[in-house]
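The values are calculated or read from the model by the stated rules, or taken from the named source; none is laboratory data. These figures come from a predicted structure and were not determined experimentally. Here the Cβ positions follow ideal geometry from the backbone for every residue, glycine too, while neighbour counts run over all protein chains shown. With ligands, DNA and RNA removed, areas are computed over all heavy atoms of the protein, side chains included. Shrake-Rupley method; radii C 1.70, N 1.55, O 1.52, S 1.80 Å.
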Amino acid sequence: MASTLIGRQAVVIGAGMGGLAAAGALAKHFDQVVVLERDTLPSEAAYRAGTPQARHVHALLASGLRALSELFPGFAQDLARTGAVPVRVGLDVRVEQPGYDPFPQRDLGLVSYAASRPTIEHTVRRRVESCTNTTLRQHCRVKEVLASPQGEAVTGVRYENGDGVTETIVADLVVDASGRGALTLALLKSIGQPLPAETAIGIDLGYATCVFDIPNDASTDWKGVRTLAQAPKIRRGGLMLPLEGNRWMVTIGGRHGDVPPGDTEGFLNYTKSLRTPTIYNAIRHAKPVDGVARYGFPESARRHFERLDVFPRGFLPIGDAICRFNPAYGQGMSVAALEACSLGRLLQRLGNDGDPFASLAPTFFAEVQTLLETPWSVAILDFASPETRGQRPADFEATLKFGIALTRLAAEDPAVHKLTAEVQNLLKPRNAYLDPALMKRVFAKMTEA
Ligand SMILES: Cc1cc2nc3c(=O)[nH]c(=O)nc-3n(C[C@H](O)[C@H](O)[C@H](O)COP(=O)(O)OP(=O)(O)OC[C@H]3O[C@@H](n4cnc5c(N)ncnc54)[C@H](O)[C@@H]3O)c2cc1C
């Protein structure tokens, strides 16, 4: 289908996963797209200051791979060429969860790739750079989103360039993909509009990560291992995934103050204390490639832009600026890419509209709301720990029991296993579980229990 142009210039704040994916979607609908990034953007896949989370495991869900391939056709092949490791969902990562050590390993016919976050981001960035109507400007720190005198519309942004000089750029659409979304909140305050309500789930996650060379005698039964905690008794969990360059990245973590140490010996000892010894046994004699990186993640947080009555025209937040998820579930990059796809389809539809910007924000927020329901329902599972802060849903016990029975069914039945993997990979919405025949089987399992 031919793309419809809806404006002259779009400006994206931030060249992280949300900003790059958004740029891919916008390029088909604007004459020019400019991405402003405060960091130096490395020419190779490398860590950078603006995304400190990149030093930790970044699992790309099958939906994220699919969304990035929709925005950048051939993306999966690009990623494969970097040495990213193909991962067959359900088979290649040994999942250890209470009652199933391991969960039955099956090839469910879904594939993603395991790679470092810098490699995933760099692969997307190269695609954005190759887009003739898109410019990436590094060393540009956005200071302010600019609005019209009455505040009803956004007109551009003011930023500081690498020489410390303040510049402004006009735009028909500004997308805030700066992660924190502080610029969005500052804009709403400055034009006297209400801020979005926020739902938070406090988990105080302490993360530590170390990269190892994969030893020659590594197990061939799996490529990675996920060892889950057992809330509320055991707070510690770990995820080890392969990376390009024959390495493993191992991220371990605890909740509510159970923070892993920042030195290699302490890291190994903490790994030894996980619920099962699989990850420890795999890395105990492996060579660390560099030191231990740590990260503190206080809470999952969702901003309810969809509930606002008014929102400035020509402006949208995306990615973490809307919703940040417990990173242990590996959802953020994929959700950002899915939001960008949703934005692209919306722009295509609105292209024939007389005034596309009039309904852009409310329609986008409504569609994002639907998209967030499934990943947020996973974030809510953190209420299994009594120390979790926030509004525990009234029906939480029933949700937990349903989940336990569904897991038992999935262990027995490959078709149910596949369905749960599709939901966890955000390929299907959670309400796929409401199929009457499936519900009957789940309720039967609940009765058995
Ligand atoms: C420890 C940890 C582990 C994670 N693991 C996973 C995982 O396994 N799988 C997964 O899918 N997700 C994971 N995530 C989430 C993922 O990192 C984010 O959800 C994703 O990067 C969101 O993209 P974004 O564009 O919103 O933000 P980011 O990717 O963080 O990008 C924001 C960008 O904006 C730039 N910026 C900020 N302010 C300005 C400014 N004023 N001017 C110009 N530029 C600016 C920053 O430098 C940065 O480049 C993890 C997160 C954490 C914290």
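Two decimals, Cα atoms only, Kirkwood Rh: what is Rg/Rh over segment 42-113? Mind dumping the intermediate values first?
Values: Rg = 14.9 Å, Rh = 14.3 Å.
For segment 42-113, the value is 1.04.
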**Message:** Ignoring solvent entirely, what values of log10 I(q)/I(0) come out of the Debye formula for segment 1-159 at 0.08, 0.14, 0.20 Å⁻¹ when each Cα is a single scatterer?
**Reply:** -0.31, -0.79, -1.28
**Cβ-Cβ FRET estimate between residue 143 and residue 431, R0 fixed at 35 Å, reported to 0.05** = 0.25
**Asked** So, counting K/R as plus one and D/E as minus one, what does the shell of residues with Cβ under 12 Å around residue 313 add up to?
**Response** -3
**Fill in**
dims of segment 374-449, Cα set, principal axes, largest to smallest, nearest Å -> 35, 30, 20
**Request:** Read phi for every residue in segment 158-165 and hand back ³J(HN,Hα) as whole Hz from Karplus 6.51 cos²θ - 1.76 cosθ + 1.60, θ = phi - 60°, with x for Gly and Pro.
**Result:** 10, 9, 9, 8, x, 8, x, 8
**Request:** Taking the Cα atoms of segment 187-302, report the difference between the largest and smallest coordinate on each principal axis, in whole Å and largest first.
**Result:** 62, 35, 27
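Of the accessible area of the chain, with the probe set at 1.4 angstrom, what percent is carbon plus sulfur?
Numbers: 9910 of 19320 Å².
Carbon plus sulfur share of accessible area: 51 percent.
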**Prompt:** Taking the chain as a Gaussian network, where each spring joins two C-alpha atoms under 10 Å apart, which residue of 205, 409, 91 fluctuates the most?
**Reply:** 409
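So what is the accessible area of the chain per residue, in Å², with the probe set to 1.4 Å? Provide the component values of the computation, followed by the final result.
On the way: 19320 Å² over 449 residues.
Here the per-residue accessible area is 43 Å².
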**Taking N as its residue count, the alpha carbon Rg of the chain over 2.2 N^0.38 Å** = 0.99
**Request:** Quick one: compute the contact order of the chain, relative version, from alpha carbon pairs under 8 angstrom and 6+ residues apart, as a percent.
**Result:** 20
**Item:** Spatial separation of Cα centroids for segment 204-228 and segment 292-311, in angstrom
**Value:** 28
**Asked** Relative to the first principal axis of the alpha-carbon coordinates of the chain, what is the inclination of helix 414-424, with its axis defined by its Cα atoms, in degrees from 0 to 90 and to the nearest 10?
**Response** 40
**Request:** Could you give me the percent of Cα pairs per 5 Å distance bin for segment 70-211, shortest bin first, beginning at zero and ending with the bin that holds the maximum distance?
**Result:** 2, 7, 10, 12, 12, 13, 14, 12, 7, 6, 4, 1, 0
**Message:** Order 285, 58 by their accessible area, 1.4 angstrom probe, all chains in place, largest first.
**Reply:** 285, 58
**Fill in**
Once Lys and Arg are counted +1 and Asp and Glu -1 for all other residues with Cβ under 15 Å from that of residue 275, the total becomes +4
**Hydrodynamic radius (Kirkwood) for segment 286-392, which is based on Cα pairs only, to one decimal in Å** = 16.0
**Message:** Given a 10 angstrom Cα cut-off, can you work out which residue in 165, 225, 154 is the most mobile in a GNM of the chain?
**Reply:** 165
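Provide the net charge surrounding residue 195, with neighbours chosen by a C-beta distance below 12 Å and charges set as Lys +1, Arg +1, Asp -1, Glu -1. Could you put the intermediate results ahead of the total?
On the way: positive: 189, 303, 307; negative: 198.
Charge balance in the 12 Å sphere: +2.
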